[in-house]
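I have placed the structure first, in the form of structure tokens, so that the comments after it can refer back to it.
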């Protein structure tokens, strides 16, 4: 019995027809993203630039908008307020002030005077340049280790061509995400790094689904060309890809507009990442198998072949 399918059975879109144009366009966008990163740079948040961290507790449920307006009136630069745990607990991040430790202390005193006596100051910390450098290094290391781990996983599960194709597609997604942050001047912080790692996991999952169907069809259809097999596999998984991406995007769009300022950067990065991740699974990861000369002999003898492609989508 067939289940509900978003794409009509028997759909045969010729994705490989656009593979050269897609790869050229992606290469151009990646080069532009690298240029933006090197020339314009990223708008690093307090996590990476250093600054002041204050944890406060109010007697009544915290009014974030009111507190933000009070702190912003002090003109201390970039300020972030985040409610966490109880609705009376607020985390305040303030941009690092020019000068030494005395300048940071002076900024803290200004905040305390502005917020008044009805606030309990539970914690005050300074994030210095050294800590910021360590956070940048840790973020880059986390992303690189994730890429290597995924390469090894797919290499062992499939063949080396699949592993290389998946990692190139992942690098493509990450580079374009960094590029759009540099282009739009959006704040890049630890939350964005978490979004990039999440994007990597989502993208690799989508790519593995497509790769698994390609491997299955390579075993089944011995007389079919590699390009035709990739097209067949993409069409067979297209319904799953669009439904998964679509439902995830719905949740992310709601978070972006109604989730508040704290997670707006995360939800934007995730939304962009889902879009480019879905694109790269179809137009980058899959066509690269052709250019890397994936050999059918790797899959010969594993299953009996069939003379024609099956109908429908499982």
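The values are calculated or read from the model by the stated rules, or taken from the named source; none is laboratory data. What you see is a predicted model; the values in this text were computed from it and never measured. With ideal geometry, Cβ positions are generated from the backbone for all residues, glycine too; neighbour counts draw on all protein chains shown.
Does residue 45 satisfy being touching a residue at least 60 places away in the same chain (Cβ under 8 Å), buried (at least 16 other Cβ atoms within 10 Å of the Cβ) and either over 30 Å from residue 117 (Cβ atoms) or assigned by TED's automatic domain parsing to the domain that holds residue 279 (or both)? Walk me through it before giving the result.
Numbers: touching a residue at least 60 places away in the same chain (Cβ under 8 Å): yes; buried (at least 16 other Cβ atoms within 10 Å of the Cβ): yes; either over 30 Å from residue 117 (Cβ atoms) or assigned by TED's automatic domain parsing to the domain that holds residue 279 (or both): yes.
Yes, satisfied.
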### Query
Out of all the residues in region 166-186, is one or more modelled with pLDDT of 85 or more and in contact with a strand residue (DSSP E or B) (Cβ under 6 Å, 6 or more places away or on another chain)?
yes
### Message
Exactly one condition in (1) modelled with pLDDT under 85; (2) assigned to a helix (DSSP H, G or I) is false for residue 80; which is it?
### Response
(2)
#### Entry: Filtered residues of region 79-89 (kept if under 24 Å from the mean Cα position of the chain (by Cα) and under 16 Å from residue 47 (Cα atoms))
80, 81, 82
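Out of region 96-124, which residues are part of a helix (DSSP H, G or I), modelled with pLDDT of 80 or more and surrounded by fewer than 11 Cβ atoms within 10 Å (Cβ to Cβ)? Even if it seems obvious, please write down each step before you answer.
Step one: list which residues in region 96-124 are part of a helix (DSSP H, G or I), which gives 101-115.
Add one more test, that the residue is modelled with pLDDT of 80 or more, and what stays is 102-115.
Hits for region 96-124 are 102, 109, 113.
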### Message
So residue 127 ticks every box in (1) touching a helix residue (DSSP H, G or I) at 6+ places or on another chain (Cβ under 8 Å); (2) surrounded by fewer than 18 Cβ atoms within 10 Å (Cβ to Cβ) but one. Which box is left unticked?
### Response
(2)
#### Entry: Sole residue being over 17 Å from the mean Cα position of the chain (by Cα) and either crowded, with 18+ Cβ neighbours inside 10 Å or modelled with pLDDT of 90 or more (or both), chosen from 245, 267, 239, 280
239
### Query
Only one residue in 74, 67, 91, 144 is surrounded by 18 or more Cβ atoms within 10 Å (Cβ to Cβ) and either outside the structural domain of residue 289 (by TED's automatic domain parsing) or in a helix (DSSP H, G or I) (or both). Which one?
67
### Query
If you go through region 152-166 one residue at a time, do you hit one that is free of Cβ contacts under 8 Å to residues at least 12 places away in the same chain, assigned by TED's automatic domain parsing to the domain that holds residue 267 and farther than 30 Å from residue 232 by Cα?
no
### Task
Please state which one of 79, 167 is within 30 Å of residue 284 (Cβ to Cβ), touching a helix residue (DSSP H, G or I) at 6+ places or on another chain (Cβ under 6 Å) and surrounded by 12 or more Cβ atoms within 10 Å (Cβ to Cβ).
167
